[in-house]
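Below: the structure, in structure tokens.
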Amino acid sequence: MRGGRRSVVKAVIPAAGLGTRMLPATKSSPKEMLPVVDKPAIQYVVEECVASGIRDILIITGRGKRAIEDHFDRSVELESLLEQKGDTERLAEMRHIAEMANLHYVRQREIRGLGHAVLCARPFVGDEPFALLLGDDLVRSDTPCTRQLMDVHARRGGSVLAVERLPRARLSAYGVVAPGRTVEERLMEVHDLVEKPTPEEAPSEYGIMGRYVLSPAIFDALEATGPGFNGEIQLTDALRKVLRGEPVWGYHFDGQRLDVGTRLEWLKTNIDLALERADLAAPLKAYLEDRLARK
């Protein structure tokens, strides 16, 4: 705790969505388990929590998401096989996946929007601030994006939203902030928020991406929020209520967002991250150069 503010020690990862943008791959497999190079997407998100200093993590799941729990559980048979083969490197990696965080699970029984998913986390979070990480976004940065938001919260309190400057044509897929004054480098007051506005209606070019540090005030606000865009309970609508009583900040995070929520962006992210791997970069680059040279 700093300056009388409670530290962020818990994180919530919603993972109950149906993944319709990635069908048919997600018909029987959770979209969060789609591989990004050689790890499921959700593992990158959990690793970001851990790198930010958070080990108590709640994953909001739904029907058909059991594979997520299995991935982060121990696999005695697999570990035994790797031990017999003397594959100590992979054995250590498998054990690390199961031991790196204290993972908890709760089901969102009805798919009623992101706001409703966050509300399902109330018994886990209680009256503490918490981090919220969405699985469609991965962030490549020197300091984890969630850690950056936690540091802002420690200085300023309130809720902190990671924002990114986007082309206006793309804003209709995001919540968008109406910014006030800039109070620090990269940090702005938020005066209002709009969920998925048209390019003409957007109050700025700052879209909210999938990282937040939220005050516990969000839960009462969500309880008082009815269905909004697409008939779902929208987190953005609840944040507008929070704004009436305490500050909400927009932080233009330092790093690169990698989208894994659509086919093309998922493919790009796989290529980008594979090109950073010492074991894959050279042969992949050679293949891509050869493939692009062919008609």
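Within the range 150-167, the set of residues being touching a Gly at 6+ places or on another chain (Cβ under 9 Å), surrounded by fewer than 16 Cβ atoms within 10 Å (Cβ to Cβ) and farther than 28 Å from D127 by Cα comprises just one member, R165. When you scan the range 132-155, how many residues do you find that are touching a Cys at 6+ places or on another chain (Cβ under 7 Å) and either more than 16 Å from I13 (Cβ to Cβ) or part of a strand (DSSP E or B) (or both)? So the count comes out to 2.
Being of a type in the set (K, R) and not in a loop (DSSP other than H, G, I, E, B) narrows it down to one of R63, R74, R95, R112, so name that one. Matching residue, one of R63, R74, R95, R112: R95. When I68, I13, I54, I59 are screened for being under 17 Å from Y105 (Cα atoms), at pLDDT 95 or above and in contact with a Lys or Arg (Cβ under 7 Å, 6 or more places away or on another chain), only I54 passes. Of all residue pairs spaced 6 or more apart or on separate chains, those with beta-carbon atoms under 9 Å, a first member in the range 101-127 that is without any contact (Cβ under 8 Å) to a residue 24 or more places away in the chain and a second member that is surrounded by fewer than 21 Cβ atoms within 10 Å (Cβ to Cβ) and outside any helix (DSSP H, G or I) are E110/G62; P123/V106.
Residue by residue, here is whether (1) of a type in the set (S, T, Y); (2) on the phi < 0 side of the Ramachandran plot; (3) touching a residue at least 40 places away in the same chain (Cβ under 8 Å); (4) buried (at least 17 other Cβ atoms within 10 Å of the Cβ) holds:
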position: L23; (1), (2), (3), (4): no, yes, no, no
position: T26; (1), (2), (3), (4): yes, yes, no, yes
position: K31; (1), (2), (3), (4): no, yes, yes, yes
position: K39; (1), (2), (3), (4): no, yes, no, no
position: Y44; (1), (2), (3), (4): yes, yes, yes, yes
position: E48; (1), (2), (3), (4): no, yes, yes, yes
position: A51; (1), (2), (3), (4): no, yes, yes, no
position: I54; (1), (2), (3), (4): no, yes, yes, yes
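Counting only residues that are assigned to a loop (DSSP other than H, G, I, E, B) and either within 26 Å of I54 (Cα to Cα) or touching a residue at least 40 places away in the same chain (Cβ under 8 Å) (or both), the range 229-262 holds 12 of them.
For the range 129-139, the set of residues classified as modelled with pLDDT of 95 or more and either surrounded by fewer than 21 Cβ atoms within 10 Å (Cβ to Cβ) or under 16 Å from the mean Cα position of the chain (by Cα) (or both) consists of F130, A131, L132, L133, L134, L138, V139, listed by residue number. Of everything listed in (1) loosely packed, with under 13 Cβ neighbours inside 10 Å; (2) touching a helix residue (DSSP H, G or I) at 6+ places or on another chain (Cβ under 9 Å); (3) of a type outside the set (K, R), the single unmet condition for H96 is (2).
Would a scan of the range 205-218 turn up a residue that is in contact with a strand residue (DSSP E or B) (Cβ under 9 Å, 6 or more places away or on another chain) and at positive phi? There is no residue in the range 205-218 that is in contact with a strand residue (DSSP E or B) (Cβ under 9 Å, 6 or more places away or on another chain) and at positive phi.
If only residues of the range 168-217 that are loosely packed, with under 15 Cβ neighbours inside 10 Å and of a type in the set (A, V, I, L, M) are counted, the one that is nearest to the chain's Cα centre (by Cα) is A173. When L292, L284 are screened for being modelled with pLDDT of 95 or more and either out of contact with any strand residue (DSSP E or B) (no Cβ under 9 Å at 6 or more places or on another chain) or in a helix (DSSP H, G or I) (or both), only L284 passes.
The values are calculated or read from the model by the stated rules, or taken from the named source; none is laboratory data. Fair warning: this is a prediction, and the values are worked out from it, not measured in the lab. Cβ atoms come from the backbone with ideal geometry, glycine included; neighbour counts cover every protein chain shown.
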